[in-house]
1. Sorted by average packing, counted as other Cβ atoms within 10 angstrom per residue and highest first, what order do 138-145, 164-171, 26-33 take?
2. To make sure I understand the rule: partners must be aspartates and glutamates, Cα under 12 Å from the Cα of Lys154, and not fewer than 8 residues away in the same chain. Which ones qualify?
3. Using a 7 Å offset from the Cα along the Cα-to-Cβ direction at both Arg132 and Val180, what is the distance between the two label points in nm, to one decimal?
4. Give me the dipole magnitude in Debye, nearest 20, for the chain about the Cα centre, with unit charges on the beta carbon: positive for Lys and Arg, negative for Asp and Glu.
5. For Asn24 and Arg190 in one chain, what is 0.36 nm times their gap in residues minus the Cα-Cα distance, to one decimal in nm?
6. For the chain, what is the convex hull (Cα atoms) projected area averaged across all directions, in square nanometres?
7. Assuming R0 = 41 Å, what is the FRET efficiency of Ala144 and Arg14, from their Cβ-Cβ distance, to the nearest 0.05?
8. For every helix of n ≥ 4 consecutive DSSP H residues, a contribution of -39,500 (n - 2.57) applies; sum these over the chain, divide by its total residues, and give [θ] at 222 nm rounded to the nearest 500 deg cm²/dmol.
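Coordinate-derived values only; no laboratory data. In this text, all values refer to a predicted model and were calculated from it rather than measured experimentally. Neighbour counts are summed over all protein chains in view; Cβ atoms, including those assigned to glycine, are modelled from backbone coordinates with ideal geometry.
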Amino acid sequence: MGWLFNNRVPADIRAEIERLCTHNDEERSTRPIRICRDGSIWTVAAEMTLKNGSEVPDGYQPDENGKFTFGAVFRTRKDHGGWGYRLDEENVGPEFARAPKSLIDILSPTSSDWANSWRKRCLENAARRARRLKDGDVIRLDQALEFNDGRKRKHFKVIIEKPQGYTRARTVFQCVETGVTCRISGFRRRAWDAMSPVGDPTEAKAATGLEKGN
């Protein structure tokens, strides 16, 4: 399904997502039973009830009441004062896999390879987001970050700080090789490994082998 746009932004986007997922006719009815948001991405667990012996969608097996639950992803964006969305059901393999484990757990079993692959990616991403970091931890990114000098670096020390005037602590990352402090966008969705905590960037550099240009 492609993008669909309205010339106004809904007053309540969650309510609009719920409305778009609600349907009832002589053959089937659909209703959302869980909606989760991650930025502009909304993931829905929708329950479908089949009526009057209507055809069962490929990959699903309804229960004795003719019901099953499937996943769907809404990508949303605002543009020139309007609002748009793109809907992808799980059996087409949505690009974004940000559903929490609690949502995946309530979906019905499916034989769809695309849907099962999407569910697996959701669980993997949820596991990454659930990992906790401590001040002083050293991490190694699977995918290196490129800096202004053109070099790519993977090893960073975690710094959890609360600057003066801030009400909450924030997490920043210190490049082990250069000592430069930076933010890492989308960190919770990135693949990384935790290494042994070290006291300072010099020790971290030795521990990770970066003195050899790794």
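1. Result, highest mean Cβ count within 10 Å first: 138-145, 26-33, 164-171.
2. Qualifying aspartates and glutamates at Cα under 12 Å: Asp142, Glu146, Glu177, Asp193.
3. Simple spin-label model gives 3.2 nm for this pair.
4. For this selection, approximately 1040 debye.
5. 55.8 nm
6. It is 16.5 nm².
7. Working from the Cβ atoms, E equals 0.65.
8. -5000 deg cm²/dmol
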